[in-house]
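What follows is calculated from the coordinates using simple rules that are stated; it is not laboratory data. Please read all numbers here as calculations on a predicted model, not as lab measurements. Note: ideal-geometry Cβ built from the backbone for every residue, glycine included; neighbour counts use all protein chains shown.
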Amino acid sequence: MAEQGALFEQEETFTVGQVTARVHRAVAAAFPAEVWVRGEVDGLRPPNAGGHVYLSLSEKARGRDNATLGVVLLRQSRLRIERTLAAHPGFRLTDGIEVRVRGRVQYGFGRIQLVVSEIDPVHTLGRLAAARDRALAALAAEGLVGRNAAIPLPLAPLHLAVVTSDGSAACHDVLHELESSGIGFRVRLVDARVQGHGAEASLLAGLTRAVASRPDLVLLVRGGGSRTDLATFDSERLARLIAGAPVPVLTGIGHEIDSSVADLVAHGAHKTPTACAAAVVEQVRAAAARSEVAWGTLAARAAAAGQAAERALEGHAVSLASVAGAAVADAQQRLDLRAGRVTGTASHGLAAGEARVQERARRLERAATRDLDLAAVRLGDAVRGLDPGRLGRQLDRRSAELGAAARRLVQAGGAVTASRAGALDVLAARAAAVDPARALARGWSITRTAGGTLVRSVADADPGTSLRTTVGDGTVASTVDPELGAAHPPEEQP
């Protein structure tokens with residue numbers, strides 16, 4: 001053990017200060033002057049109480065940090081650099097962008113860091129522009145630039161998915177614009193980072209969730225910023241996802257100078273989140289206005305069609321009433337004519353039949369009288385030429401024959417009378433069937449002038465003419481009105 005301890009004591013041993021001093025000298029020897037260093041900004045923090053800014057520069061390999069170097073912007077250098085960068089409004093130091101900085105490599109407080117004295121904004125902006133151009137060229141070559149724009153925009157998009165940073169000014173502006181419109185939008189808010197480390201992956205995941213909710217539209221929005229702030233929206237991966245989305249994607253990315261790659265592949269691009277939301281509101285209002293116009297036109301056409309149908313129906317009704325009135329008048333006229341004919345025929349037939357029966361009865365009576373007279377004469381002759389006994393017997397026989405003949409005559413006369421009476425009954429039944437009284441009982445009426453002339457047409461009744469209308473239960477008196485041309489009951493009956 002003693003030998004081993006002595007061996008350890010013989011090896012050179014450095015103090016902490018000696019090691020740090022040597023490292024300091026080595027670093028100073030390796031980097032005797034300021035150098036340019038490029039890398040991706042990471043962990044950028046606001047100025048501390050002393051006004052200094054700390055961050056890291058990283059070098060990535062296959063998506064992972066391969067090397068990291070601490071960076072500090074001392075207050076005086078930071079103020080000078082900020083004045084220089086003011087001439088390049090498209091540049092702003094932020095996480096995730098590649099920068100080229102100049103500074104002094106030094107060792108202190110146990111670590112190596114770069115004390116920056118200058119930042120090259122042209123390098124950063126140039127690389128961003130070059131990456132943007134490469135992405136656009138690749139998308140155009142595959143026909144993706146206009147793919148999302150070819151999707152028909154819904155007439156009234158009411159179901160919306162908004163992809164943005166929850167709680168940001170952009171989020172507030174969009175929701176306020178939609179709410180103040182008074183339209184019943186259904187909004188799904190999808191939170192996503194819009195700049196810095198992890199922004200691309202967050203936007204890709206957020207847009208995927210938004211599309212999966214099957215909205216009418218997707219609104220991809222963020223507030224204003226510099227070119228470097230908006231670098232994430234030049235991502236080729238994000239642009240491909242927008243181009244392939246099955247629903248229209250509208251962008252509202254706050255910039256005024258140029259367009260991002262996301263703007264160019266989206267269905268529509270707007271300068272601000274508020275403008276993007278306002279475009280959706282205007283789309284819905286325009287659809288509502290077109291709907292109102294269409295309904296108004298439809299209602300007007302329906303009303304016009306209804307009025308035309310009503311006029312046509314009224315015309316048909318007037319025509320039908322005219323035809324029906326003419327038909328009724330014609331039927332009334334034919335009925336009156338037939339009733340008159342039947343009544344006359346029946347009366348004449350009855351009178352003629354009665355006359356023929358009476359004539360035949362008189363003929364029978366005269367014939368019987370002649371026969372009796374002749375028989376009496378013959379009987380007297382026979383009495384004078386015969387004896388009383390024989391005469392009595394012949395008289396009895398002739399009397400019997402005469403009685404039988406008289407009976408046959410009476411029977412024949414009765415049969416003829418019965419036959420004629422049956423014929424008269426048939427004629428009476430026919431006359432009763434067409435009796436005008438029956439027609440009057442069924443609701444018909446017969447109108448005559450005061451002189452008894454039958455009124456068959458309005459031409460038969462001049463204004464002021466007195467009329468007598470016979471109905472089923474009596475007669476109504478009326479006078480043709482000189483102004484209306486229609487008959488009405490007189491104010492006083494005579």
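Table for the structure above
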{"quantity": "Mean Cβ count within 10 Å, highest first, over the residues of peptides 312-318, 231-237, 470-476, 41-47", "calculated": "231-237, 41-47, 470-476, 312-318"}
{"quantity": "Estimated distance in nm for a label pair at Ala286 and His52, the labels positioned 7 Å out from Cα along Cα-to-Cβ", "calculated": "5.8"}
{"quantity": "Neighbour-limited loop hits for chymotrypsin sites (Phe, Trp or Tyr not before Pro), the range 71-115 (at most 13 other Cβ within 10 Å; DSSP other than H, G, I, E, B)", "calculated": "Phe109"}
{"quantity": "Chain lengthening between Arg397 and Ala355 when straightened (0.36 nm per residue, less Cα-Cα)", "calculated": "11.4 nm"}
{"quantity": "Largest-first principal axis extents, alpha carbons of the range 142-271, Å", "calculated": "37, 32, 27"}
{"quantity": "Förster radius 60 Å - calculated FRET efficiency between Glu11 and Ala86, Cβ distance, rounded to 0.05", "calculated": "0.55"}
{"quantity": "Qualifying GluC sites (Glu not before Pro) in the range 273-311, DSSP loop, other Cβ atoms within 10 Å at most 13", "calculated": "none"}
{"quantity": "Calculated over the range 2-127: convex hull of Cα atoms, volume per residue (Å³)", "calculated": "155"}
{"quantity": "Pair Ile151, Arg127: separation of 7 Å Cα→Cβ label points (nm)", "calculated": "3.4"}
